[in-house]
């Protein structure tokens, strides 16, 4: 049975809301990518070197990333020879299979959120201004609360005008407490207060917002290091997660941001926001290959429940679901 058929049977049978979120959220990327792949297949009856060159260009345009594209195309060439694929239509199933294999890899990264069984879990959010960090914090707080966790928020972005108020709006919307100080306060002092309050109120999870003034890189990184030290001192082993919010619509610029923050904060996972707003959703694959950091959540829309845990198979299904419906034959 082809990989296409397996994906189709697995996800259309269940029709769970999470799978539908991926399908709907990846519409722009799928429409862009699928149209180009279909056009390519229509123009080439056989799979030859010219076919692969054009496929490379399509993948580059989807922001899959140079290293990932090279690896994918090389593996596709080997698979075409191994299966003796002649008809270009039959390669679509192989492309989707290889994308899943490349993302998961031999060293599959843990995409789950590290929640402590006992005591306080501290999740530190980093990322530049404007990527949707505060909104993501609110949505994650909602999700954890729905899972039965007692959640609190720390307003550590004390320098951006309106940042504290924005987090408070989300706190009210979700129904969780926000620990704050005045605008311009020392973020590390805010974190100290937040940790003490979270302990006193027996919270399960404390989610900490931080500043994102990347134009003042040296000071920002020193500030983040100080925040992290305070959290480590007050909660041994914390922060248990350092999540960086990246805007999917910024493409390769998001990769640069991740590398910068990774230098000082030991980023443990990525939240890719606004994935529904870009036609270049291949950035998910580039991130994993080039940074070795798991994508833990993706933003697939504006609604409260549109922040979804990342799943490689659901991602590829969302990317290829229109092609799945058109599967012409079965490759064993």
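Below, the figures for the structure above:
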| item | result |
| --- | --- |
| For residue 259: the one exception among (1) under 13 Å from the mean Cα position of the chain (by Cα); (2) surrounded by fewer than 17 Cβ atoms within 10 Å (Cβ to Cβ); (3) farther than 16 Å from residue 135 by Cα | (1) |
| Answer residue from region 263-276, given it is modelled with pLDDT of 85 or more and in contact with a helix residue (DSSP H, G or I) (Cβ under 7 Å, 6 or more places away or on another chain) and is surrounded by the fewest Cβ atoms within 10 Å (Cβ to Cβ) among those | 267 |
| Which numbered condition residue 86 fails, given (1) within 30 Å of residue 277 (Cβ to Cβ); (2) out of contact with any helix residue (DSSP H, G or I) (no Cβ under 7 Å at 6 or more places or on another chain) | (1) |
| Long-range neighbours under 6 Å by Cβ, at least six apart or interchain, first residue farther than 14 Å from residue 90 by Cβ within region 41-52, second in a helix (DSSP H, G or I) | 52/73 |
| For residue 185: the one exception among (1) assigned to a helix (DSSP H, G or I); (2) surrounded by 15 or more Cβ atoms within 10 Å (Cβ to Cβ) | (1) |
| Unique residue being in a loop (DSSP other than H, G, I, E, B), in contact (Cβ under 8 Å) with a residue 24 or more places away in the chain and surrounded by 20 or more Cβ atoms within 10 Å (Cβ to Cβ) when the list is 279, 254, 238 | 238 |
| Test result for residue 157, buried (at least 16 other Cβ atoms within 10 Å of the Cβ) and either part of a helix (DSSP H, G or I) or in the same structural domain as residue 270 (by TED's automatic domain parsing) (or both) | yes |
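The values are calculated or read from the model by the stated rules, or taken from the named source; none is laboratory data. Since the model is a prediction, treat every value here as computed from it, not as a measurement. All Cβ positions, even for glycine, are placed from backbone atoms using ideal geometry, and neighbour counts span all protein chains on display.
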